Each structure stands twice: as structure tokens, then as C-alpha cells.
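Below is one structure, written out as C-alpha cells; comments come after it.
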Amino acid sequence: MPRPELQAMDAGLNQMRMKSTWEAVRKAGSRVLAEVAKQDYDEHSAFAIRLALEEGLNNAVKHGNKMDASKEIVLDYDVTPQRVEIVITDEGEGFDPKAVPDPTLDENLTKPYGRGIMLMKAFVNRVEFSERGNSVRLIKERN
């Protein structure tokens, strides 16, 4: 269910603010993944976290901020031995995730959108969008 604002579930979240560029989100993602590695998540979980994180950050640059490098992305994250929580917020207008067509239906197979959300939902335990649709929370519980 969409929420007006996505608040961190834990008070101990780290925060990074970055320009909306591919280089900035790549560096930010690498920092989060380094924390995941320190917590010794298995290879499958680390891959799932990386895929969901990269998809969320890429969506913020491309769809949220529309490739406008003057806009910012805020990345809040917490990596513990039990779970990884990531909140990505862009400055875009947002979107309605329910309005994104199911990419697995025959009529949508050739359409170039919707797969990223499907992948995030497949690889992490929870995906939540803010009411405005400009923020996503990803939670991956340790297996």
C-alpha cells in the first residue's frame, strides 16, 4: 500500500545525497554493496540486493529525475546481519505503480517498461512505494 512518505524502519539508517548521474549512483551503490559484503551475505542474496538497488537507482535517474543532473537522489540504507533496508527518493513527479502494465502479459512483452519493478519484487522481500511514487523502499531479509 503506498504511503505518503517512506520513513526508515530503523533509526540507524545511513544517508547519501547525490546528483542524478550514472556515475554518482554507481558510486553510491558500490558503498551499499560493500556494507552488504561486510555482513557476509551469501552470493545469491548479495546478487538480489545488487540487482534491486541498481534498478531502483537507475529508475530514479532515468524515470524520476529524467536525466536531469541538477536534481538529487537521496539514498537511505541500513545493512545488518538480519536484513538490508534501502530507501531511494528522487525529485521527480512520481508515478502510480499500479498503472504500470504487467510486463509478463503477451500484449506487453515488447514494451520497454515494467520489468524493473517486477525484478525488484522478485529479488527482495518487500517493495513499497510512497504515495507520490517518487520513493521506493526495498527490504531483503537474510535467508
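Each reported figure results from applying straightforward, stated rules to the coordinates on display, with no laboratory input. Note that the coordinates shown come from a computational prediction; the quantities given were computed from them, not determined experimentally. Don't worry about glycine lacking a Cβ; one is built from the backbone with ideal geometry, like all the others, and counts go over all protein chains shown.
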Residue with peak Gaussian network fluctuation, the chain [Cα springs, cutoff 10 Å], from A34, A52, A99: A99
Dimensions in Å of the chain - Rg and Dmax from alpha carbons: 14.5, 44
For region 113-142 versus region 89-109, the gap between their alpha-carbon centres in whole angstrom: 11 Å
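May I ask you to order 54-67, 119-132 by the average number of other C-beta atoms within 10 Å around their residues, highest value first? Show your work: numbers first, answer last.
Values: 54-67: 20.2, 119-132: 17.1.
Top of the packing list down: 54-67, 119-132.
Place a +1 charge on the Cβ of each Lys and Arg in the chain and a -1 charge on the Cβ of each Asp and Glu, then give the dipole magnitude about the Cα centre in debye, rounded to the nearest 20.
On the way: 21 positive and 24 negative charges, 46 e Å.
Roughly 220 debye for the chain.
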Where labels lie 7 Å past Cα in the beta-carbon direction, separation of K38 and A69 in nm: 3.0 nm
Formal net charge of residues neighbouring N125 (Cβ-Cβ distance under 14 Å; K, R +1; D, E -1): +3
